[in-house]
Amino acid sequence: MFPEDFKTTRLALRPISAEDVQAIFDGYGQDREVTQYLTWRPHQSIADTHSFVQMCLRAETSRTYMIVLEATGNVIGVFDLRKTGQFKLEFGYALAREHWGQGLMTEALVEVVNWALRQSDIWRIGAAVDVDNVGSIRVMEKAGLQREGILRRWLVHPNTGDAPRDCVIFSKTR
């Protein structure tokens, strides 16, 4: 169902592998600012990252891609694509802080969204973004996704507290 990889001008998205553990841990997995609005806590040890990678590799209805900067070959982030229904996909992502503000995540997202909406069985692709995650909200807007509304108490972001938080829902449809 999912493609093997994606290519953009500056990026390659390729499937996660066991060899990515150290790059994830060093690059963004333990960064509290990067993981602030994610559904998992920063990794405290390389064992946490190893468990994360194994979970991704076992997933049957999703594929996790490493975001690789073509110029250097370095892993700079992660992009998760999930089939959540008969005709829809959801996604999530994280990008190493040193690469924020360069349009890289927007570039990756545009490529994935365009691929998704070319598939005959996919009619919708979207994501939920914490209402306070200004950076990701901007990425969604720049990538051409539509703001649909706010889902109250939708996701727990353990790095901001234990209570479910409000999220803005974005999608693109065909």
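None of the figures in this text is laboratory data; all of them are computed from the coordinates on show. Everything quoted here is computed from the prediction, not taken from an experiment. Methodologically, a virtual Cβ is constructed for each residue, glycine included, from the backbone with ideal geometry; neighbour enumeration extends over all protein chains shown.
From the list Arg41, Arg58, Arg32, Arg63, which residue is touching a strand residue (DSSP E or B) at 6+ places or on another chain (Cβ under 6 Å) and either surrounded by fewer than 20 Cβ atoms within 10 Å (Cβ to Cβ) or over 25 Å from Asp132 (Cα atoms) (or both)?
Details: Arg41 fails: touching a strand residue (DSSP E or B) at 6+ places or on another chain (Cβ under 6 Å); Arg58 fails: touching a strand residue (DSSP E or B) at 6+ places or on another chain (Cβ under 6 Å); Arg32 fails: touching a strand residue (DSSP E or B) at 6+ places or on another chain (Cβ under 6 Å).
Checking each option against the conditions leaves just Arg63.
Just one of (1) over 14 Å from the mean Cα position of the chain (by Cα); (2) within 20 Å of Arg14 (Cβ to Cβ) trips up Ala108, so point out which.
With respect to (1) over 14 Å from the mean Cα position of the chain (by Cα); (2) within 20 Å of Arg14 (Cβ to Cβ), Ala108 is out only on (1).
Among the listed residues Trp154, Trp123, identify the single one that is over 19 Å from Leu38 (Cβ atoms) and of a type in the set (Phe, Trp, Tyr).
Details: Trp154 fails: over 19 Å from Leu38 (Cβ atoms).
The unique qualifying residue is Trp123.
For Asp162, all conditions in the list (1) out of contact with any Lys or Arg (no Cβ under 7 Å at 6 or more places or on another chain); (2) in contact (Cβ under 8 Å) with a residue 24 or more places away in the chain; (3) within 25 Å of Arg97 (Cα to Cα); (4) not in a strand (DSSP E or B) hold save one; what is the number of the exception?
Evaluating Asp162 over (1) out of contact with any Lys or Arg (no Cβ under 7 Å at 6 or more places or on another chain); (2) in contact (Cβ under 8 Å) with a residue 24 or more places away in the chain; (3) within 25 Å of Arg97 (Cα to Cα); (4) not in a strand (DSSP E or B) leaves (2) as the failure.
Of the conditions (1) under 16 Å from the mean Cα position of the chain (by Cα); (2) within 28 Å of Phe25 (Cβ to Cβ); (3) acidic (Asp, Glu), Glu98 clears all except one; give me its number.
(1)
Does region 99-140 hold any residues that are without any contact (Cβ under 8 Å) to a residue 12 or more places away in the chain, more than 20 Å from Ala71 (Cα to Cα) and either in a helix (DSSP H, G or I) or not hydroxyl-bearing (Ser, Thr, Tyr) (or both), and which are they?
Asn114, Arg118, Gln119, Val134, Arg138
Is there any pair linking a residue in region 143-158 that is of a type in the set (Val, Ile, Thr) to one that is not in a loop (DSSP other than H, G, I, E, B), with Cβ under 8 Å and at least six apart or on different chains, and which?
Ile150/Asp166; Ile150/Cys167; Ile150/Val168; Ile150/Ile169; Val156/Pro164; Val156/Arg165
Out of everything in region 7-25 that is surrounded by fewer than 15 Cβ atoms within 10 Å (Cβ to Cβ) and free of Cβ contacts under 8 Å to residues at least 60 places away in the same chain, what residue ends up being nearest to the chain's Cα centre (by Cα)?
Selected residue: Ser17.
List pairs: first residue in region 70-97 and surrounded by fewer than 21 Cβ atoms within 10 Å (Cβ to Cβ), second residue of a type in the set (Phe, Trp, Tyr) and in a loop (DSSP other than H, G, I, E, B) anywhere in the structure, Cβ distance under 7 angstrom, at least six positions apart or on different chains.
Here the result reads Phe87/Trp123; Lys88/Trp123, each pair linking region 70-97 to a residue that is of a type in the set (Phe, Trp, Tyr) and in a loop (DSSP other than H, G, I, E, B).
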